[in-house]
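Here's the structure, in structure tokens; my notes come after.
Just so it is clear, none of the values below were taken in a lab; they were calculated from the coordinates. Keep in mind it's a predicted model, so treat the numbers as computed, not measured. Methodologically, a virtual Cβ is constructed for each residue, glycine included, from the backbone with ideal geometry; neighbour enumeration extends over all protein chains shown.
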């Protein structure tokens, strides 16, 4: 088996399956909570607290941040170890960040908001309108929701342009510029967490530190490898170094 | 040498019992290690130690029912003792359930100070002397938009206040709670100003709904719920109901409670349950009655105790005095 095959048929499916474990756990816990039950395997799934709504919201949110961290860790890992195979996990991890972000948003939109409507009727346009107004209101009025929603929305174009076809269509350089939105999303995600907690900021600070390190790595590396700009008019600045540029040049 | 044809399964291929069990041990150990590694990564203590409900307390006898009790279904002992906001034992909801084991609720005494005729240190047993304890089943609404129904055991705070005879200068009552780092690991974290302080206006403190609670479900109060003695004010957000009280001061000036000191824009002195006045970061219009998956109830003015307490606030702008 070549290294290529090992990644394709061994490591990638394994990572994929592992990345689904939290979603499976959360789904199971939601189901248990819906039936008013406790987890039957607390050693594996963790216990539901007395507040399942907050458990599910917190778990989906935390996994979004974790997958954002993992996604942003791919490039530094690749540079530090020289293992180029790492890049082949980046899209998958990024899409999982989006996946958990979507679950987090749906938990808020459906469990926390829709089900709080006076009449939560799936078939009624009025219910959906009320939900939209409510969410818009939250996004506009509550800074922690504003940044959280921003973090989520910024991931949508990244997920949509994650295919090989879209990379080709956009061109490597433009694609890469667009996908730097992931940095904004990660920082906004940490802010969202930070502004949510009442006083104890240790956990948001932990994720903030990880993301700060991962972003600092890129800044230092870009500085280290910066190509001096050519003098004179007519020459666009040389784009910053990145894997795509390298392949292109 | 005779070469025997193997029958069906050669004995060499039958797994030795010892190996068989070793293999199970190995899988168990490997699963365990993986779980520990996963837990380490997740940082979720819940994976490793399930929240233990508090051990049952000592039963009180001769408890009287109360006309103020709700007939709503009470939350379970387990829910009430594993989901706590008690920052002295950690900021996560499940931390007090582990950490409060270090609290020593006996012997206990409460110092009464300030504008009173009889400043003194009262032993816990003396506080209860001659007091008729009641079952008081109250709704508890947390400022975080969840609620429970809790069967407290207690007696009106007003009875105790009458005993210590506050002077005419006493306009407010201040509750100072235990802050002992040897018993309370959360104190090392500079999350709130310690000791935790709460306060009430004199008429709020004298209100018949306001109780000093010493028990839960007819038994002595579990540590994580504020053993051995705490105040309960059912029409205010939960943080007003100070736990493990060591000092009661009668003062002329309005006290600055710990949450107000930490975040004055978000937490005020009054902190009455009010669906019309949102917390700056979230709506207070609805709440999740635990355990629940949805915000399954509208929040009611004064947590449903408006008939009894609204007259305390006539003429007051509750939006300003949040």
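A few points about this structure:
- Distance-filtered residues of the stretch B:266-284 - backbone nitrogen under 20 Å, label point 7 angstrom along residue B:320 Cα→Cβ: B:266-280
- Extended-chain gain in nm, criterion 0.36 nm per residue less alpha-carbon gap, residue B:253 and residue B:123: 44.1 nm
- Across the stretch B:114-199, counting alpha-carbon atoms alone, Rg and Dmax equal 16.2, 40 Å.
- Global geometry of the stretch B:212-311, whether rounded, prolate or oblate, following the gyration tensor of its Cα atoms and the 1.5 cut on a/c: oblate
- Structural descriptor for the stretch A:92-152: relative contact order 30 percent, calculated from alpha carbon pairs under 8 angstrom and at least 6 residues apart.
- Against chain A, whose longest principal axis is taken from its Cα atoms, helix A:90-106 shows a tilt of about 30°.
- Prolate/oblate/rounded label for the protein assembly as shown (Cα gyration tensor, a/c 1.5): prolate
- Gain upon complete extension [residue A:102, residue A:212; 0.36 nm per residue less C-alpha separation]: 37.2 nm
- Given R0 = 51 Å, the distance between the Cβ atoms of residue A:4 and residue B:285 translates into a calculated FRET efficiency of 0.35.
- Note on residue A:23 and residue A:156: with the Förster distance fixed at 25 Å, the Cβ-Cβ geometry gives a FRET efficiency of about 0.85.
- Cβ-derived FRET efficiency at R0 45 Å, residue B:76 paired with residue A:83, nearest 0.05: 0.30
- Model label points for residue A:183 and residue B:203, set 7 angstrom from Cα along the Cα-to-Cβ axis, are 5.9 nm apart.
- Cα gyration tensor, the stretch B:193-238 - rounded (a/c under 1.5), prolate or oblate: oblate
- Nitroxide proxy distance, nm - points 7 Å out along Cα→Cβ at residue B:104 and residue A:126: 6.3
- Taking every C-alpha pair closer than 8 Å and separated by at least 6 residues, the mean separation divided by the residue count of the stretch A:1-74 gives a relative contact order of 23 percent.
- Taking 7 Å steps out from each Cα toward its Cβ at residue A:199 and residue B:162 produces label points 3.5 nm apart.
- Rounded tilt (10° steps) of A:125-141 against the dominant C-alpha axis of chain A: 60
- Between helix A:143-160 and chain A: long-axis angle, C-alpha atoms, 0 to 90°, nearest 10: 60
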